[in-house]
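Asker: The structure under discussion is supplied below as structure tokens; questions concerning it will follow.
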Amino acid sequence: MSARRKKAVRKLPAFTTEGVLPPGDYELTPDELRSSMLVHGPSRMKAGRTWDTAWRTQLLENALTLTQQLWQVGIEDVYLDGSFVEDKDHPNDIDGYFDCDLLELASGKLQQKLNEIDPHQIWDWDPKSRVRVAGFSKPQLPMWRTYRVELFPHVGQLSGVRDKFGNELEFPAAFRLRRDGVPKGIIKIVQEHDSK
């Protein structure tokens, strides 16, 4: 009898009363994300909500395009965050990060490989590449202007974000706290779940 590989089904927990996922890393495949409450809305929404499924679908597809590019160059660990993973009808964008090799990033090889794949050549984190966009308070990177997604390389650096005590957080920790200090969960995009 041949063993069949079963596809694990993951369900996200409900948003907390603060409107975030409970703290933790939630592993979801692209298909699981597409059918999740992050796209289609919580199962129990108050009357009058205007959950923007079409916009959330577009944001997710944009993030998945960039994730596929990262996977093509050997990056496996990609995490999504931002208002997309919160209980907001119309999120502004998707933020996230990915784990990568310091030398490949510092040498520019990673950026070069990614820009060879992306038709818009948006892989650039240089502050000089940021441009002001009408209606937004801060200048935006090329990937945000094209995809409304910002994925940052993580190599163990500090984030520039401080906790409520003024301590600078290491890069991943900054994604696990809302700006007001509320702990929250994030999404790890996986290609396929291991069968158990």
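Asker: I'm trying to understand the selection: among the residues of the range 42-52, which are surrounded by 13 or more Cβ atoms within 10 Å (Cβ to Cβ) and more than 15 Å from residue 13 (Cβ to Cβ)? Outline the logic, then answer.
Answerer: Here is the first cut: in the range 42-52, the ones surrounded by 13 or more Cβ atoms within 10 Å (Cβ to Cβ) are 42, 45, 51-52.
Listed by number, the residues that qualify are 45, 51, 52.
Asker: What residue, of 48, 108, 74, 19, is at positive phi and in contact (Cβ under 8 Å) with a residue 12 or more places away in the chain?
Answerer: On the way: 48 fails: in contact (Cβ under 8 Å) with a residue 12 or more places away in the chain; 108 fails: in contact (Cβ under 8 Å) with a residue 12 or more places away in the chain; 74 fails: in contact (Cβ under 8 Å) with a residue 12 or more places away in the chain.
Of 48, 108, 74, 19, the one residue that is at positive phi and in contact (Cβ under 8 Å) with a residue 12 or more places away in the chain is 19.
Asker: Take the residues in the range 122-148 that are among the basic types (Lys, Arg) and in contact with a Pro (Cβ under 6 Å, 6 or more places away or on another chain), then tell me which one is surrounded by the fewest Cβ atoms within 10 Å (Cβ to Cβ).
Answerer: So in the range 122-148, the residues among the basic types (Lys, Arg) come out as 128, 130, 132, 138, 145, 148.
Those left that are additionally in contact with a Pro (Cβ under 6 Å, 6 or more places away or on another chain): 130, 132.
Values: 130: 16, 132: 10.
Among residues in the range 122-148 that are among the basic types (Lys, Arg) and in contact with a Pro (Cβ under 6 Å, 6 or more places away or on another chain), the one surrounded by the fewest Cβ atoms within 10 Å (Cβ to Cβ) is 132.
Asker: Something else about it: How many residues are surrounded by fewer than 16 Cβ atoms within 10 Å (Cβ to Cβ) and among the hydrophobic types (A, V, I, L, M, F, W, C) when one looks only at the range 56-92?
Answerer: Going through the range 56-92 one residue at a time, the tally reaches 1.
Asker: Provide a single number: the residues in the range 45-85 that are in a loop (DSSP other than H, G, I, E, B) and within 30 Å of residue 116 (Cβ to Cβ). Reasoning before the result, please.
Answerer: To start, the set of residues in the range 45-85 that are in a loop (DSSP other than H, G, I, E, B) comprises 45-52, 73-77, 82.
Then drop every residue that is not within 30 Å of residue 116 (Cβ to Cβ), which leaves 73-77, 82.
Residues that pass the stated criteria total 6.
Asker: Identify, please: which residue in the range 93-105 is surrounded by 14 or more Cβ atoms within 10 Å (Cβ to Cβ) and free of Cβ contacts under 8 Å to residues at least 60 places away in the same chain and is, among those, nearest to the chain's Cα centre (by Cα)?
Answerer: Within the range 93-105, the match that is nearest to the chain's Cα centre (by Cα) is 94.
Asker: Then there's this: Restricting to the range 149-187, give me the number of residues that are at pLDDT below 70 and crowded, with 18+ Cβ neighbours inside 10 Å.
Answerer: 2
Asker: Now for a separate question. Could you count how many residues in the range 106-128 are within 21 Å of the chain's Cα centre (by Cα) and modelled with pLDDT under 95? First the steps, then the outcome.
Answerer: We begin by selecting, within the range 106-128, every residue within 21 Å of the chain's Cα centre (by Cα); these are 110-111, 113-115, 117-127.
Those still in the list that are modelled with pLDDT under 95 too: 125-127.
Here the count works out to 3.
The values are calculated or read from the model by the stated rules, or taken from the named source; none is laboratory data. Fair warning: this is a prediction, and the values are worked out from it, not measured in the lab. Reconstructed Cβ throughout: ideal geometry from the backbone, glycine too, with neighbour counts over all protein chains shown.
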